[in-house]
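Q: Below is the structure I would like to discuss, written out as structure tokens.
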Number of protein chains: 2
Amino acid sequence: MLAVVYDERFQPLARIRKRTKAYEGAESGLARIVEMIRAALDEAAVTPDRVRGVGIGCPGPLDVNRGVILDAPNLGWKQVPLRAELGKALGAPVVVANDVDTGVYGEYRFGAAKNARCVLGVFPGTGIGGGMVYEGRIFSGASRTCVEVGHIQVMPGGPLCGCGHHGCLEAVASRLAVAAAAAQAAQRGQAPNLREAAGTDLAKIRSGVLAAAIEAGDKVIEQIVRDAARHIGTAVAGVVHLIAPDVIVLGGGLVEAMPKLYVETVTEAAQARVLPAYTDGFRVVAAALSDDATALGAAAWARENVGRQTEAS
Amino acid sequence: MLAVVYDERFQPLARIRKRTKAYEGAESGLARIVEMIRAALDEAAVTPDRVRGVGIGCPGPLDVNRGVILDAPNLGWKQVPLRAELGKALGAPVVVANDVDTGVYGEYRFGAAKNARCVLGVFPGTGIGGGMVYEGRIFSGASRTCVEVGHIQVMPGGPLCGCGHHGCLEAVASRLAVAAAAAQAAQRGQAPNLREAAGTDLAKIRSGVLAAAIEAGDKVIEQIVRDAARHIGTAVAGVVHLIAPDVIVLGGGLVEAMPKLYVETVTEAAQARVLPAYTDGFRVVAAALSDDATALGAAAWARENVGRQTEAS
């Protein structure tokens, strides 16, 4: 978890990181969030009464209108009334949004997608997160977040996905899927550099390790990453026909470690698949703000929505 | 083509139909449109100075901001400045939108999707048209229409689509694809009722004929239609993850002829595929307004956008 205190011009005054320890449960998790925010305010020497709003970007699915985490598989939390609880504890208006959405909003406001009319964000990680900013606002469903690009089916009958279906984008192109394919190559002796650096444990095959192995000459790892990026491109093409984004932002650790490879391969695969009318309508870019995108985006989104969202409930 | 004159409360005052004859070219087509609109006004006894606006729903892709038909394969027209030309000829503000979008907007304002927050429309016909109304407005791309549900890939390596790719929804579930499969069944002797009613000519195998053949006992035709509807359901599930519509409107001739079969089968297939978080978030309904949806929607959309769209150019 990351907490950042921003001033009115979105200059950071303090920044604190804490391990989430989601497995300890939602109650203790909420307490840790409150503690972290208070510590960040302390460090910034900002008294609680001067806080205009608190923006939270967190894993979904969420009911953003009520500010409730519905059922977050990555946290193991269900039906957690985040906005109400934090609002009570902090005495300030709280605005809750999906972390990928706030990341995309951050890139839209301050980063790689400034002034775009419709931004699609695709963030491959443990899963593959998606988010969208349309005409200046985070796009969302009636009672839950959406833009689940990770569950676009790209390979009917393909590998089993965490969601129980087969051939979802996530099942063939997430960091986890890439790491699993890379571990197999290492085990087969086809990726000596990767094997030496990380062995065959998925938990150790992180984005930086993969990038370094490619750099050191493991051709098969490059092929694995390009295949994954190509699947992302195919899925992106499908989304382009639906929502015609002008900018597609790729983010997350893998992209940060290999921005050129990802932008090139995704662009190529998407261009090969879109209808002619769309070929000149979009560009693919790498995220510019790294982890800060989510915090900045959450803060800026809170500023736009304090009042608006809290009244809606 | 259909022209309807509405009063302020959207009660129809006159209605005129004309064959499009798109093959005669855009110039003659424009002249025919102007003629038809003038005839409708005459019939309604409305003088041109009393026209508040003209809404046009026409096949895309379009640049809706400039009111230009970019390249409409079904018309064979390219780069036609519809808004400018009609505006000049009629002396009234003109608002141009995609015909499926205006149909969906019509259903949103007056029909099967009243008050929905996000409406997805899927209209199987010669192709498969899509449209979306999000928070009260037609959703559109930066410089072109979108929501091309017909080109969602549902069967990689599947049948060739008119767009040049393989396995698009349109290639397996449009009226044309259904008619082609039905004609084969008729030729094989498996659909005696269809064969007797329409032979094996795709042009004669219309929606009503298909519905009548099923009614008369051609089991294989029912299977063909259900297979097509199931593909639509799979594609709909993919869109549900992306944009979380609360209402999905199915329209067009096939659906009108067999609303129960379509709504049931699409619902079932979509429910089987969506993530658990979305199962109770949407419902599938049949369009309620038939052809009038497009005209009504175009008129209502023009009323909302006169000034707004014309200033944007």
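The values are calculated or read from the model by the stated rules, or taken from the named source; none is laboratory data. A quick note: this is a predicted structure, and the numbers were derived from the prediction, not measured. Don't worry about glycine lacking a Cβ; one is built from the backbone with ideal geometry, like all the others, and counts go over all protein chains shown.
Q: Go through the stretch A:142-171 residue by residue and tally those that are closer than 14 Å to A:Gly238 by Cβ, touching a helix residue (DSSP H, G or I) at 6+ places or on another chain (Cβ under 8 Å) and not polar (S, T, N, Q). Show your work before the answer.
A: Of the stretch A:142-171, the ones closer than 14 Å to A:Gly238 by Cβ are A:147-156, A:167-169.
Restricting the remaining residues to those that are touching a helix residue (DSSP H, G or I) at 6+ places or on another chain (Cβ under 8 Å) gives A:147-155, A:168-169.
Still in the list and also not polar (S, T, N, Q): A:147-152, A:154-155, A:168-169.
Final tally of qualifying residues: 10.
Q: Sort through B:Ala229, B:Ala277, B:Ala257 and tell me the only one that's out of contact with any Asp or Glu (no Cβ under 9 Å at 6 or more places or on another chain) and assigned by TED's automatic domain parsing to the domain that holds B:Val172.
A: After applying the criteria, what remains is B:Ala257.
Q: When residues of the stretch A:245-258 are filtered for being more than 13 Å from chain B (Cβ to nearest Cβ) and not hydrophobic (A, V, I, L, M, F, W, C), how many remain?
A: 4
Q: What number of residues within the stretch B:29-47 satisfy the criterion of being outside any loop (DSSP other than H, G, I, E, B), over 15 Å from B:Ala298 (Cα atoms) and in contact with a helix residue (DSSP H, G or I) (Cβ under 9 Å, 6 or more places away or on another chain)?
A: Selection size over the stretch B:29-47: 7.
Q: So for the stretch B:278-290 (the condition being part of a helix (DSSP H, G or I) and over 21 Å from A:Leu242 (Cβ atoms)), does at least one residue qualify?
A: no
Q: Restricting attention to the stretch B:229-245, which residues are more than 20 Å from A:Gly141 (Cβ to Cβ) and buried (at least 24 other Cβ atoms within 10 Å of the Cβ)? Quick ask: steps written out before the conclusion?
A: So in the stretch B:229-245, the residues more than 20 Å from A:Gly141 (Cβ to Cβ) come out as B:229-232.
B:Ala229, B:His231, B:Ile232, listed by residue number.
Q: Quick one: would you say B:Ala197 is more than 27 Å from A:Pro156 (Cβ to Cβ) and outside the structural domain of B:Leu62 (by TED's automatic domain parsing)?
A: Values: more than 27 Å from A:Pro156 (Cβ to Cβ): yes; outside the structural domain of B:Leu62 (by TED's automatic domain parsing): yes.
Yes: the conditions hold for B:Ala197.
Q: Applying the selection to the stretch B:232-251, what residues are over 19 Å from B:Met155 (Cα atoms), of a type in the set (Gly, Ala, Ser) and either at pLDDT 95 or above or assigned to a helix (DSSP H, G or I) (or both)?
A: The answer is B:Gly251, and nothing else.
Q: Tally the residues that are hydrophobic (A, V, I, L, M, F, W, C) and in contact with a strand residue (DSSP E or B) (Cβ under 7 Å, 6 or more places away or on another chain), restricting the search to the stretch B:232-251.
A: Number of matching residues: 9.
Q: Quick one: in the stretch B:64-82, which of the residues that are assigned to a strand (DSSP E or B) and of a type outside the set (Gly, Ala, Ser) is surrounded by the fewest Cβ atoms within 10 Å (Cβ to Cβ)?
A: Checking each candidate, the answer is B:Gln79.
Q: Looking only at the stretch A:47-82, which residues are among the β-branched types (Val, Ile, Thr) and either closer than 27 Å to A:Leu250 by Cα or within 14 Å of another protein chain (Cβ to nearest Cβ) (or both)?
A: A:Val54, A:Ile56, A:Val64, A:Val68, A:Ile69
Q: Considering every residue within the stretch A:3-14, establish whether at least one is in a helix (DSSP H, G or I) and farther than 20 Å from A:Glu107 by Cα. Before the answer, list the steps.
A: Narrowing the stretch A:3-14 to residues in a helix (DSSP H, G or I): none.
Looking through the stretch A:3-14, none of the residues is in a helix (DSSP H, G or I) and farther than 20 Å from A:Glu107 by Cα.
Q: If I filter the stretch B:171-181 for residues that are within 14 Å of chain A (Cβ to nearest Cβ), in a helix (DSSP H, G or I) and touching a Leu at 6+ places or on another chain (Cβ under 8 Å), do I get at least one hit?
A: Scanning the stretch B:171-181, I find at least one residue that is within 14 Å of chain A (Cβ to nearest Cβ), in a helix (DSSP H, G or I) and touching a Leu at 6+ places or on another chain (Cβ under 8 Å), so the answer is yes.
Q: Return a yes/no flag: does the stretch A:261-277 have any residue that is within 19 Å of the chain's Cα centre (by Cα), in a helix (DSSP H, G or I) and either at pLDDT below 95 or not hydrophobic (A, V, I, L, M, F, W, C) (or both).
A: yes
Q: May I ask you to verify whether B:Ala216 is surrounded by fewer than 18 Cβ atoms within 10 Å (Cβ to Cβ), of a type outside the set (Asp, Glu) and either farther than 30 Å from A:Gly131 by Cβ or touching a Ser or Thr at 6+ places or on another chain (Cβ under 7 Å) (or both)?
A: Working: surrounded by fewer than 18 Cβ atoms within 10 Å (Cβ to Cβ): yes; of a type outside the set (Asp, Glu): yes; either farther than 30 Å from A:Gly131 by Cβ or touching a Ser or Thr at 6+ places or on another chain (Cβ under 7 Å) (or both): yes.
Here the answer is yes, as B:Ala216 does meet what is asked.
Q: Regarding the stretch B:89-102, can at least one residue be identified that is among the polar types (S, T, N, Q), touching a strand residue (DSSP E or B) at 6+ places or on another chain (Cβ under 7 Å) and part of a helix (DSSP H, G or I)?
A: The answer is yes, given that some residue of the stretch B:89-102 is among the polar types (S, T, N, Q), touching a strand residue (DSSP E or B) at 6+ places or on another chain (Cβ under 7 Å) and part of a helix (DSSP H, G or I).
Q: Now a separate question. Out of the residues in the stretch B:155-167 meeting the condition of being in a loop (DSSP other than H, G, I, E, B) and more than 8 Å from every other protein chain (Cβ to nearest Cβ), tell me which one is farthest from the chain's Cα centre (by Cα).
A: Once the filter is applied, the top-ranked residue is B:Gly157.
Q: When residues of the stretch B:125-157 are filtered for being within 18 Å of B:Ser174 (Cβ to Cβ) and either hydrophobic (A, V, I, L, M, F, W, C) or in contact with a Lys or Arg (Cβ under 6 Å, 6 or more places away or on another chain) (or both), how many remain?
A: Matching residues across the stretch B:125-157 total 7.
Q: For B:Ala14, are the conditions met, namely being assigned by TED's automatic domain parsing to the domain that holds B:Asp246, touching a residue at least 12 places away in the same chain (Cβ under 8 Å) and within 23 Å of B:Ala287 (Cα to Cα)?
A: no
Q: Go through the stretch A:155-165 and give me each residue that's under 22 Å from B:His151 (Cα atoms) and in contact (Cβ under 8 Å) with a residue 24 or more places away in the chain. Full working, then the answer.
A: Going through the stretch A:155-165, the residues under 22 Å from B:His151 (Cα atoms) turn out to be A:155-158, A:165.
Within the stretch A:155-165, A:Met155 is the sole residue that qualifies.
Q: Continuing with this model, one more query. May I ask you to list the residues in the stretch A:83-135 that are away from every other protein chain (no Cβ under 12 Å), buried (at least 19 other Cβ atoms within 10 Å of the Cβ) and hydrophobic (A, V, I, L, M, F, W, C)?
A: Answer for the stretch A:83-135, where residues must be away from every other protein chain (no Cβ under 12 Å), buried (at least 19 other Cβ atoms within 10 Å of the Cβ) and hydrophobic (A, V, I, L, M, F, W, C): A:Leu86, A:Val94, A:Val95, A:Val96, A:Ala97, A:Val100, A:Val104, A:Ala112, A:Ala113, A:Phe123, A:Val133.
Q: Right, another one. I'd like the residue in the stretch A:175-204 that is of a type in the set (D, E, K, R) and buried (at least 17 other Cβ atoms within 10 Å of the Cβ) and, out of all such residues, is farthest from A:Tyr262 (Cα to Cα). Break it down into steps so the answer makes sense when it comes.
A: Taking the stretch A:175-204 and keeping what is of a type in the set (D, E, K, R), we get A:175, A:188, A:195-196, A:201, A:204.
In the following step, the residues that additionally are buried (at least 17 other Cβ atoms within 10 Å of the Cβ) were identified as A:175, A:195.
Values: A:Arg175: 13, A:Arg195: 23 Å.
Within the stretch A:175-204, the match that is farthest from A:Tyr262 (Cα to Cα) is A:Arg195.
Q: Would you check which residues across the stretch A:48-63 are in a loop (DSSP other than H, G, I, E, B) and under 16 Å from A:Ala300 (Cα atoms) and list them? Break it down into steps so the answer makes sense when it comes.
A: In the first step, residues of the stretch A:48-63 are kept if they are in a loop (DSSP other than H, G, I, E, B); the result is A:51-53, A:59-61.
Of everything in the stretch A:48-63, those that are in a loop (DSSP other than H, G, I, E, B) and under 16 Å from A:Ala300 (Cα atoms) turn out to be A:Val51, A:Arg52, A:Gly53.
Q: In the list A:Ile152, A:Ile138, which residue meets the criterion of being touching a residue at least 40 places away in the same chain (Cβ under 8 Å), within 7 Å of chain B (Cβ to nearest Cβ) and crowded, with 20+ Cβ neighbours inside 10 Å?
A: A:Ile152 is the lone residue from the list that is touching a residue at least 40 places away in the same chain (Cβ under 8 Å), within 7 Å of chain B (Cβ to nearest Cβ) and crowded, with 20+ Cβ neighbours inside 10 Å.
Q: Can you name the residue in the stretch A:259-305 that is away from chain B (no Cβ under 14 Å) and among the charged types (D, E, K, R) and is also surrounded by the fewest Cβ atoms within 10 Å (Cβ to Cβ) among such residues?
A: Taking the stretch A:259-305 and keeping what is away from chain B (no Cβ under 14 Å), we get A:259-268, A:284-305.
If we keep only those that are among the charged types (D, E, K, R) as well, we get A:260, A:264, A:268, A:291-292, A:303-304.
Details: A:Lys260: 9, A:Glu264: 15, A:Glu268: 15, A:Asp291: 17, A:Asp292: 18, A:Arg303: 16, A:Glu304: 17.
Within the stretch A:259-305, the match that is surrounded by the fewest Cβ atoms within 10 Å (Cβ to Cβ) is A:Lys260.
Q: Could you please let me know if B:Ala198 is at negative phi, in contact with a Lys or Arg (Cβ under 6 Å, 6 or more places away or on another chain), free of Cβ contacts under 8 Å to residues at least 60 places away in the same chain and not polar (S, T, N, Q)?
A: Taking the combined requirement at face value, the residue satisfies it.
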